[in-house]
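Novice: Attaching a single structure in structure tokens format; questions to follow.
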Amino acid sequence: MVRVCFVFMVAVAALWCSGEPMAGTRIVHPVDGAVMVYVPSGTFTMGLSREEGEVVAKLLGFESGTTLWVAEAWPQRRVEVGGFFIDRCEVTVGQWQRYLEATGGEQRPWETVRHFGKPDAVNLPAGEIAWRDAISYADWAGKALPTEAQWEKAARGEDGRLFPWGNDAPTEAHGHWKGRLYVKVGSFPLGASPYGALDMLGNQYEWTIERKRLYPDNPLRDDEPNSKMIKEINDGRDVCLRGGSWYHGQVGFYAAKRFGFGPEETHYHVGFRTVWVPAEGYFESAEFAEAKAKAAALSD
């Protein structure tokens, strides 16, 4: 216990000296009103080892990681990521509507637009969002879609856990991965990530900003018998999606899961969340204090 407390105090001191706020610090973003949580700078464990892939498969009820395409998460390595804020929840119907009203944008995603005007639907996640539309929203808000590394760090923290909540097998209390259609964002607090981000697994798939390619040094590159299939995975035509969805169930319900659609393709189980890297000096500003106060005033 003494060692754990000491390590925690060292980590707190390091953040204080660097000018960064505490992990999980909440703000309300000034443009789209999203509650965001802070992910501090530092390294984290990204991807899976072969052995961990098999562990994930067993925890999700499968005999082998092959069924889950865990090989796309090879190899496991440590990755450095700068500090950033990420939306605590997926972008909602209400936020998407405000974006269209502010920009005069085209009401293309039928699955989202059909909920407009329904007071009980404003906190459903936006659905059927195309990649370029998600980018347009992020641009409007002065934010961005996450890189794969940003998304995965926000989901699993720095300790290499398999799921946002740890290494225990998921239950239906950890996220929406069974059932019909999506549910209101933030409905599963037991599934929170180490930084307090919710619905990182389940509910909707989430766009990243990156094309889907094999990680460097992935041994699949040398798999000659399946070279055509591997080339199709690695050609960069698809954009990487993260987080799984209610539609794909347990197949996508682990933090290192990678999936992909073409940039013009989307479905009703596809949404997104955004990230924001504040400018230098932000943490000493009145704007930061105000954004934290607004977040503190909101109830969970």
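The values are calculated or read from the model by the stated rules, or taken from the named source; none is laboratory data. Remember, it's a predicted structure, so these values are computed and weren't measured experimentally. Note that we place each Cβ from the backbone using ideal geometry, even for glycine, and neighbour counts take in every protein chain shown.
Novice: Give all pairs with beta carbons closer than 7 Å in which a residue from region 166-188 that is over 11 Å from residue 90 (Cβ atoms) meets a residue that is of a type in the set (S, T, N, Q) and not in a loop (DSSP other than H, G, I, E, B); count only pairs at least 6 apart in sequence or on separate chains.
Specialist: Partner pairs satisfying both residue conditions: 177/250.
Novice: Looking at this structure, is residue 173 in contact with a strand residue (DSSP E or B) (Cβ under 9 Å, 6 or more places away or on another chain) and over 25 Å from residue 114 (Cα atoms)?
Specialist: Values: in contact with a strand residue (DSSP E or B) (Cβ under 9 Å, 6 or more places away or on another chain): no; over 25 Å from residue 114 (Cα atoms): yes.
Answer is no for this residue.
Novice: Could you say which residue among 128, 210 is touching a helix residue (DSSP H, G or I) at 6+ places or on another chain (Cβ under 7 Å), acidic (Asp, Glu) and not in a loop (DSSP other than H, G, I, E, B)? Step through it out loud before you land on a result.
Specialist: Working: 128 fails: not in a loop (DSSP other than H, G, I, E, B).
When all the criteria are applied, what remains is 210.
Novice: Okay, next question. Which members of region 63-87 meet the condition of being assigned to a strand (DSSP E or B), farther than 17 Å from residue 258 by Cα and touching a residue at least 40 places away in the same chain (Cβ under 8 Å)? Give the derivation first.
Specialist: Step one: of region 63-87, the residues assigned to a strand (DSSP E or B) are 77-81, 84-87.
After this cut, where a residue has to be farther than 17 Å from residue 258 by Cα as well, the list is 78, 80-81, 84-87.
Passing the criteria: 81, 84, 85, 86, 87.
Novice: Going by the conditions given, is residue 90 in a loop (DSSP other than H, G, I, E, B), of a type outside the set (A, V, I, L, M) and crowded, with 23+ Cβ neighbours inside 10 Å? I'd like the intermediate steps shown before the answer.
Specialist: Values: in a loop (DSSP other than H, G, I, E, B): yes; of a type outside the set (A, V, I, L, M): yes; crowded, with 23+ Cβ neighbours inside 10 Å: yes.
For residue 90, the condition - in a loop (DSSP other than H, G, I, E, B), of a type outside the set (A, V, I, L, M) and crowded, with 23+ Cβ neighbours inside 10 Å - is met.
Novice: Which residue out of 127, 160 is within 19 Å of residue 99 (Cβ to Cβ), surrounded by 16 or more Cβ atoms within 10 Å (Cβ to Cβ) and over 13 Å from the mean Cα position of the chain (by Cα)? Give the steps one after another, and end with the answer.
Specialist: Working: 160 fails: within 19 Å of residue 99 (Cβ to Cβ).
Just one listed residue meets the conditions, 127.
Residue-wise test of (1) basic (Lys, Arg); (2) at pLDDT below 95; (3) in contact with a Leu (Cβ under 8 Å, 6 or more places away or on another chain); (4) buried (at least 17 other Cβ atoms within 10 Å of the Cβ).
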site: 226; (1), (2), (3), (4): no, yes, yes, no
site: 231; (1), (2), (3), (4): yes, yes, no, no
site: 246; (1), (2), (3), (4): no, no, yes, yes
site: 257; (1), (2), (3), (4): yes, no, yes, yes
site: 271; (1), (2), (3), (4): no, no, no, yes
site: 276; (1), (2), (3), (4): no, no, no, yes
site: 281; (1), (2), (3), (4): no, no, no, no
site: 288; (1), (2), (3), (4): no, no, no, no
site: 296; (1), (2), (3), (4): no, no, no, no
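Novice: Here is a follow-up. Within region 45-62, can you find the residues that are touching a residue at least 60 places away in the same chain (Cβ under 8 Å) and crowded, with 20+ Cβ neighbours inside 10 Å?
Specialist: Scanning region 45-62 gives 45, 46, 47, 48, 52, 56, 60.
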